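Here's the structure, in structure tokens; my notes come after.
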Amino acid sequence: MTRLHVQLAAVAAVACLALAPLVLNPFSITLMNYIGIYSLVAIGLALLTGVGGIVSFGQAAFVGVAAYATAWVSALNGYSPWLGLVFGVALTCGVATVLGVVTLRLQGHFLSLSTVAWGLAIGFLFGNVEGLGRFNGISSIPPISIGSFALVSSAQIYFLIWGIVVVVLFLGYNLLDSRLGRAMRALRGGNILVESLGINAFRIKLVTFVIAAFLASLSGWLYAHMSRFISPGPFDAGMGIEYLMMSMVGGAGSLLGGVVGAAIVTLLKNSVQDYLPLIAKGASGQLEIVAFSALFILFLQWARQGIVPFVARYLPKIKRERPQAAPPLPRRPQPTPGELLLKVDGAERRFGGLVAVNNVSFEVRSGEILAVIGPNGAGKSTMFNCLTGALRVNKGEIVFAGRAITRDPQSRIAKDGIARTFQHVKLRPRMSLLENVMLGTYARTSTGLFAGAFRLNQREEASTRHEALTQLERVGLGDKPFELAGNLPLGNQRILEIARALAADPALLVLDEPAAGLRRQEKLRLAELLRSLRSDHLTILIVEHDMEFVMSLVDRIVVLDFGSKLCEGAPAAIRSDERVQEAYLGGVA
Amino acid sequence: MTSDIAAILAIDGIATGAVYALVAIGTVLIFTVTRVIFIPFGDIAAFTALTLAALDAKRFPGTGALVVILACIATLIEIISLLRNGELRLLPRALFFYLALPLAVVGLAWLTMRAEPPLAIRLVLALMLITPIAPLLDRIVFRPIADGTVLLLLTVSVALHFALVGLGLLFFGPEGVRTEPLTSLSTEFAGVLISGQTMLIVIAALVFSGLLYLFFDFTLVGKSLRATAVNRTGSRLMGIRPARAGTIAYLLGSLMAGVSGILIAPVNTVFYDSGFLIGLKAFVGAIVGGMTSYPGAAIGAVGVGILESFASFESSALKDVIVFSLLIPILIWRSLASLHSEEEIEE
């Protein structure tokens with residue numbers, strides 16, 4: 001299956017949607033309208049929850065804010081529904097921005113609980129504010145008119161709803177395949193990697209959160225003007241769960257899954273309403289929610305992945321073409337060999353009473369490979385984290401390329417040209433090798449939200465893809481760029497991390513125990529690769545445990561022991577140093 | 001607001017808060033042992049009140065049917081899982097715990113009911129009928145996904161709450177109930193009249209928290225629960241079964257929730273769906289304690305009760321809006337105060 005086949009399938013699906021009102025009865029069209037309206041929210045949730053890893057129970061509140069906003073503008077104040085759209089979207093996105101700024105720094109389940117909190121608070125507001133009709137709601141909302149043509153019947157508004165859904169899907173898939181979309185997909189699995197690539201994780205989360213709220217606001221606007229009546233019920237906490245369920249059933253992380261999930265849940269609910277009275281007369285209303293929740297629980301127990309990813313496994317793989325040659329991305333000015341690049345001066349880091357790094361000073365000159373070694377607990381990893389901004393030093397100064405970076409956040413240090421790898425490999429296993437490496441170019445490129453969604457910056461995208469392939473080839477992983485990163489053995493995963501770091505065009509490459517857990521052959525290959533990088537005048541700082549690996553490779557060694565610097569020098573001198581022998585092997589005494 | 005009104009509001013808030021505190025302690029207990037944020041404890045509390053009301057009206061409560069149905073489902077699931085693992089020799093044990101025991105409880109309640117027992121017995125019956133529900137739900141709903149992330153468990157827990165609300169309507173009907181006060185005594189303290197019910201609520205909360213403290217610190221079962229909370233794998237190696245620890249935690253938690261339901265029933269009208277707000281507010285209290293500290297949870301829950309009491313005096317319509325909006329700053333504070341490791345996050 002090629003890209004052309006996928007495009008043909010998409011066109012065929014859109015044609016089917018366009019012709020559907022000709023064959024469907026009015027009731028089915030109404031059902032389709034609801035599916036479309038719910039789809040918008042579920043697509044937003046797929047983006048937020050499935051892609052970004054932020055589980056929100058509160059999307060129904062955003063739908064409600066937009067629905068009440070447009071009802072207030074059009075039904076209560078007599079303005080056009082289009083003004084209601086503008087007001088509703090602006091209000092919802094504004095509320096989402098404020099909530100996002102306040103809550104998106106929360107971690108893990110705290111963040112999801114906060115969505116329960118504001119979801120409930122906003123939900124209660126609708127029924128209790130004077131002027132919004134309280135629990136009676138707002139009725140006689142005017143229909144949407146295009147020119148003088150009012151969309152009154154369900155067959156008329158059908159085209160508006162599904163037109164919006166198709167456009168949203170199209171833009172959404174474009175976005176996910178762009179620079180910003182890759183950053184969103186990298187959010188799942190933790191901030192440390194994301195920040196180390198020069199990506200401001202908080203900003204990306206906020207953008208994702210507001211996009212999801214925007215889609216919910218479109219849904220709310222359509223809902224208000226389709227049903228012509230609103231009350232607090234459809235925006236309460238229960239509906240928030242239902243939206244979450246739609247996106248999870250369809251397959252969290254898949255935009256199309258949002259539509260499929262909305263369709264399945266809506267049709268299922270409809271048939272539950274049809275068939276339950278046959279089984280239990282008189283109790284159908286109560287049983288509906290029970291049956292529904294039970295199905296959801298069963299679903300979460302047995303098929304957490306969702307339907308679309310499940311089906312996709314049985315479809316033929318999409319064949320992708322290797323990236324074509326493209327103009328290179330701009331490179332940063334590299335320091336001249338031999339120049340002072342990094343200077344650590346009197347660094348100290350304490351954890352409570354423990355001094356993990358104690359008054360450590362050393363320098364890295366451009367073009368050399370420097371190793372920081374030491375026995376377990378010597379403070380190597382803490383030193384490393386201070387250099388890359390993952391931790392702050394309590395005392396002392398770190399200067400990189402003539403600028404103090406002591407207090408800078410990780411993403412700023414990454415942008416300045418320090419690229420790192422991780423002791424415990426941090427890749428995005430469900431992204432391809434090529435995409436993992438493309439993540440590395442984030443700080444060098446500039447495509448934003450709109451350019452990404454509308455495919456306006458294809459030239460930069462082509463250069464990025466080409467750059468990523470070049471780096472994959474440079475480290476020897478160029479033969480299968482579309483393989484998933486999670487399928488690689490550990491040795492190659494470490495090498496892939498190096499390719500990702502190289503894609504950032506760094507001035508200094510810092511490697512955290514790159515040889516840990518590697519077999520002998522893999523170590524030799526890694527050493528070979530690092531030597532070839534040095535011959536390209538790249539500066540490398542290695543924090544390493546493995547003496548043999550270090551001795552044959554590096555130019556200079558700094559030895560740490562119990563947080564302090566023991567000595568510094570060429571490998572041969574370090575090997576014969578008595579203090580080092582004592583630290584590693586214990587006293588001879 | 002005069003100081004008199006403030007004092008009345010404060011006492012009212014402490015009483016409400018004490019009820020939340022019982023549920024909050026149960027929530028913390030379940031979370032530490034099983035990592036499940038068990039939102040439905042509020043429903044358990046409401047169901048207890050409804051059960052007691054039915055017993056008072058000399059009707060057999062719907063709780064009985066609910067327990068029987070859940071016991072049958074749990075037994076079926078247990079038998080299937082035993083068959084799959086080839087552990088049929090454990091079948092008699094499973095039948096006893098998942099089928100015979102709950103059915104015996106329901107049968108006993110049914111027989112006792114016919115003798116028109118006094119209030120004290122009715123209270124015991126209500127608690128007996130309610131306690132099997134949460135452990136059975138644990139077996140049916142949470143045991144198959146015990147290894148899931150906190151988020152998955154939370155999502156399931158919220159879905160379970162909605163199922164219980166539906167079941168509540170089915171088994172108890174839409175009418176709200178208010179039971180007879182447990183005591184008609186009252187006393188005056190610093191010029192403010194305090195009803196006996198309020199005193200009873202506070203005393204009950206103190207007594208049950210104290211008992212729980214003794215249980216955790218001075219019994220082997222209590223210690224095994226604490227061990228499971230700290231490290232599941234480690235406690236397994238010491239011969240503690242996490243599943244059993246979970247069941248005990250659910251039993252204790254439902255007992256606490258049941259007591260709070262009995263205490264709140266004479267003060268507030270309880271409906272089949274009243275549990276959600278009780279559960280959520282207790283949960284807010286539990287978060288104040290960082291989901292790990294029992295005294296923290298109790299203090300937090302009392303704080304929520306007082307806040308709610310004053311908020312409803314200022315604006316009764318917006319009191320829930322105020323309480324839940326205040327959850328956000330609390331969450332931020334707790335999130336900043338707790339360290340997270342990246343390894344927890346699912347790829």
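Net charge in the neighbourhood of A:G346 (other residues with Cβ under 10 Å of its Cβ; Lys, Arg +1, Asp, Glu -1) is -2. Relative contact order of the range B:47-146: 42 percent, from C-alpha pairs under 8 Å at least 6 residues apart in sequence. Look at where the Cα atoms of the range A:162-204 and of the range A:506-529 average out, and the two centres are 30 Å apart. Once you sort the root eigenvalues of the Cα gyration tensor of chain B as a ≥ b ≥ c, which label holds: rounded (a/c under 1.5), prolate (a/b larger than b/c) or oblate (the other case)? Oblate is the answer for chain B, as a/c is 1.5 or above yet b/c matches or exceeds a/b. Remark: for residue pairs A:K205/A:K395; A:K380/A:K426; A:K205/A:K269; A:K205/A:K480; A:K426/A:K523, the C-alpha separation exceeds 22 Å in A:K205/A:K395; A:K205/A:K269; A:K205/A:K480.
Computed from phi, the 3J(HN,Hα) profile of the range B:213-220 under the Karplus parametrisation 6.51, -1.76, 1.60 (θ = phi - 60°) reads 4, 4, 4, 6, 8, 10, 10, 5 Hz, with x in place of Gly and Pro. Of interest is the spacing of the C-alpha centroids, which for the range A:542-576 and the range A:77-97 amounts to 63 Å. Annotation: amide H of A:V129 within the under-5 Å range of A:R134, sequence separation 5 or more or interchain, hydrogens built in the peptide plane.
Under the criterion of Cα pairs below 8 Å and six or more residues apart, the relative contact order for chain A equals 17 percent.
Between amide H atoms placed 1.01 Å from N, distances below 5 Å from A:G379 occur with A:G563, all of them 5 or more places distant or on a separate chain. For the protein assembly as shown, the share of alpha carbon pairs falling in successive 20 Å distance bins from zero is 12, 38, 34, 14, 1 percent. Between the C-alpha center of the range B:17-42 and that of the range A:244-266 there is a gap of 31 Å.
The trypsin sites (Lys or Arg not before Pro) of the range A:480-589 meeting both criteria, a DSSP state outside H, G, I, E and B (loop) and at most 15 other C-beta atoms within 10 angstrom of the site's C-beta, are A:R519. Placing a pseudo-label 7 Å from each Cα along the Cα-to-Cβ vector at A:D479 and B:L119 gives an inter-label distance of 8.3 nm.
Of all lysines in the structure, the ones whose alpha carbon falls short of 30 Å from that of B:K58, not counting any fewer than 8 places away in one chain, are A:K281.
Based on DSSP H runs of at least 4 residues, each adding -39500 (n - 2.57), what is the mean residue ellipticity at 222 nm of the protein assembly as shown after dividing by all its residues, to the nearest 500 deg cm²/dmol?
-20000 deg cm²/dmol
When DSSP beta bridges are restricted to pairs lying wholly in chain A, around 60% turn out antiparallel. Here the extension length gained between A:L8 and A:E288 equals 96.8 nm, from 0.36 nm per residue of separation less the Cα-Cα distance.
Straight Cα distances below 12 angstrom link B:K319 to the aspartates and glutamates B:E308, with same-chain residues fewer than 8 positions distant left out.
Residues within the reach of a label modelled at A:F149 (point 7 angstrom out along Cα to beta-carbon, backbone nitrogen below 17 Å), restricted to the range A:7-32, are A:18-22.
Considering only the Cα atoms of the range A:396-482, their convex hull presents on average a projected area of 7.9 nm².
In percent, rounded to a whole number, the relative contact order of chain B is 38, using alpha-carbon pairs under 8 Å and six or more apart.
Karplus-derived 3J(HN,Hα) values for the range A:423-429, using 6.51 cos²θ - 1.76 cosθ + 1.60 with θ = phi - 60°, are 4, 9, 3, 10, 10, 9, x Hz; glycine and proline are entered as x. For the range A:232-247, 3J(HN,Hα) computed residue by residue from phi via the Karplus equation (6.51, -1.76, 1.60; θ = phi - 60°) reads x, x, x, 10, 8, 4, x, 5, x, 5, 5, 4, 4, 4, 4, 5 Hz, glycine and proline entered as x. For A:C567, the residues whose modelled amide H falls within less than 5 Å of its own, excluding neighbours fewer than 5 places apart on the same chain, are A:V559.
Read-outs throughout are calculated quantities, based only on the coordinates presented, and are distinct from any laboratory measurement. Remember, predicted model here, so these are calculated numbers, not experimental data. Here Cβ is always computed from backbone atoms with ideal geometry, including for glycine, and neighbour counts include all displayed protein chains.
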